[in-house]
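These notes concern the structure reproduced below.
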Amino acid sequence: MSLRIYNTLSRALEDFSPLEPGHVRMYVCGMTIYDLCHIGHARMMMAFDVVQRWLKSSGLRVTYVRNITDIDDKIIKRALERGITIRQLTDEMIAAMHQDIGLLGIEPPTVEPRATEYVPQMLSLIGQLEGKGLAYRASNGDVNYAVRKFDGYGKLSGKSLDELRAGERVAVQGGKEDPLDFVLWKASKPEEPPEAQWASAFGTGRPGWHIECSAMSCATLGETFDIHGGGADLQFPHHENEIAQSEGATGQPLAKFWVHNGFVRVDNEKMSKSLGNFFTIRDVLKQYDAETLRFFMVRAHYRSALNYSDAHLDDARQALKRLYTALSLVAPADMAAIDWAGPYAARFKAAMDEDFGTPEAVAVLFDLAGEVNKTRSAALAGLLKALGGCIGILQGDPQAFFQAGATGVGESEIQAQIAARAAAKAAKNFAEADRIRQALLAQGIVLKDSAAGTTWEAAQ
Ligand SMILES: [Zn+2]
């Protein structure tokens, strides 16, 4: 393997080879599922989609676990506000997430565990920590982790306990012995619904957020695995706490590589609901096609801060159009396999092997597109399409992409609407089926039904 990955733990690029030859095990902290995914979530999932795709392109088998946090204060609150059960809320939001990220071409993980299905494993882990003197029962009924008893605390964020304590402004609360101690098991409160309560040896309660990931990663990937990923904002305290729990219980390193993606900013400001610059994936897809949003994200390096703005999305759209133009000039030859020794493929591979260097890899695609324009070579066009596929772009029909630009609707979104309309028809909900057809028509998309299924063309 010639792949190097930046490891947050060592703050350096390190040579990567999987613990088990030929098989990579990767865990990424997923969504807390109480609302629609915003573009920050999309960026996290996109970053690890590129990682997963490149590991596979490198000939490795990948077991990719991305969890779902389906029990949490915000989830309980939102379900109560909406007058629905927690399960109704989380099922609805998980379906919406799958739909949204599917449009962006983000491949599903191998396993997508839900926290509520792993409560026994969490309780067993808390029991082990208590047995080792790393957990204690607090006066308010919670079970907390005793941070000062774990030697390695702070090694991921690179901070000492004293530094971390100095930054902790919150007074010691809830029976904590140290301000940095965190909750493993939260005692139930009378106003919480029965759905949010589990009986246990520690009393009736529910798991804290951090213990969920330690239990789910161990249950699905084992005590030690290759890559642990997540957004940069999770380094402290979430990932530091996962290390304290997992390594405190097993005595083994949790993950060999810690990989963190950068933040998303909007017009150079922090994205937040209070600033009114908060975008869900659905908001963006009303204005731009899904592949443009994907390309905007993958042409930046996953560790850099990503600045979202209309100007940058317009620019991404124009750039992607140049690549598709090359593919519209000459029908790309089918590539059975990429010859990585060829000059363009070798440069692309060298870029991706250096910490998933997508900006340089995309630059190679532009050079290759220039060559296709000059030579009209079907083989080079085929290579352009195949290399694009390694990062999940350029797989559509060029004409459909150009039309999507004219209408503002992307191919994948149209296909999703066609599928939704077919489902509505099957359920004999003809009003809904007609509404979808009319809504597409308003966007310049004409549906054609035949025995073989439904196709579309742009309105004249
Ligand atoms: Zn986690």
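Need a quick list: helices (runs of 4 or more DSSP H) entirely within segment 1-117 having at least 2 residues that are of a type in the set (D, E, K, R), in the same structural domain as Trp198 (by TED's automatic domain parsing) and under 23 Å from Ile338 (Cβ atoms).
39-57
Restricting to segment 204-222, count the residues that are away from the ligand (no atom under 13 Å from the Cβ) and not in a helix (DSSP H, G or I).
Going through segment 204-222 one residue at a time, the tally reaches 4.
Identify all residues within segment 81-98 that are within 23 Å of Asp283 (Cα to Cα) and hydrophobic (A, V, I, L, M, F, W, C); write none if there are none.
Residues satisfying the conditions are Leu89, Met93, Ile94, Ala95, Ala96, Met97.
Looking at segment 184-202, is at least one residue within 16 Å of the ligand (Cβ to nearest atom), under 16 Å from Ile126 (Cβ atoms) and either out of contact with any Pro (no Cβ under 9 Å at 6 or more places or on another chain) or at pLDDT below 95 (or both)?
No: zero hits.
Please enumerate the residues belonging to segment 223-261 that are of a type in the set (Asp, Glu) and either within 13 Å of the ligand (Cβ to nearest atom) or assigned to a helix (DSSP H, G or I) (or both).
Asp233, Glu240, Glu242, Glu247
How do the helices (runs of 4 or more DSSP H) wholly within segment 289-384 filter down when requiring 2 or more residues that are surrounded by fewer than 17 Cβ atoms within 10 Å (Cβ to Cβ): which remain?
Helices (runs of 4 or more DSSP H) meeting the threshold: 310-329, 343-353, 358-375.
Can you pull out the residues in segment 1-41 that are within 16 Å of the ligand (Cβ to nearest atom), open to solvent by less than 50 Å² (accessible area, probe 1.4 Å) and closer than 13 Å to Lys256 by Cβ?
Correct list: Thr8, Arg25, Met26, Tyr27.
Here are some residues: Lys189, Lys159, Lys176. Which one is among the basic types (Lys, Arg), loosely packed, with under 14 Cβ neighbours inside 10 Å and in a loop (DSSP other than H, G, I, E, B)?
Lys189
Give me a count of the residues in segment 265-278 that are closer than 30 Å to Met26 by Cα, open to solvent by 20 Å² or more (accessible area, probe 1.4 Å) and in a strand (DSSP E or B).
2
The values are calculated or read from the model by the stated rules, or taken from the named source; none is laboratory data. Owing to the predicted nature of the structure, the values given are computational and were not obtained by experimental measurement. Heads up, the Cβs are rebuilt from the backbone with ideal geometry, glycines too, and the neighbour counts pull from every protein chain shown. Note: areas computed on protein heavy atoms with side chains; ligands, DNA, RNA excluded. Shrake-Rupley method; radii C 1.70, N 1.55, O 1.52, S 1.80 Å.
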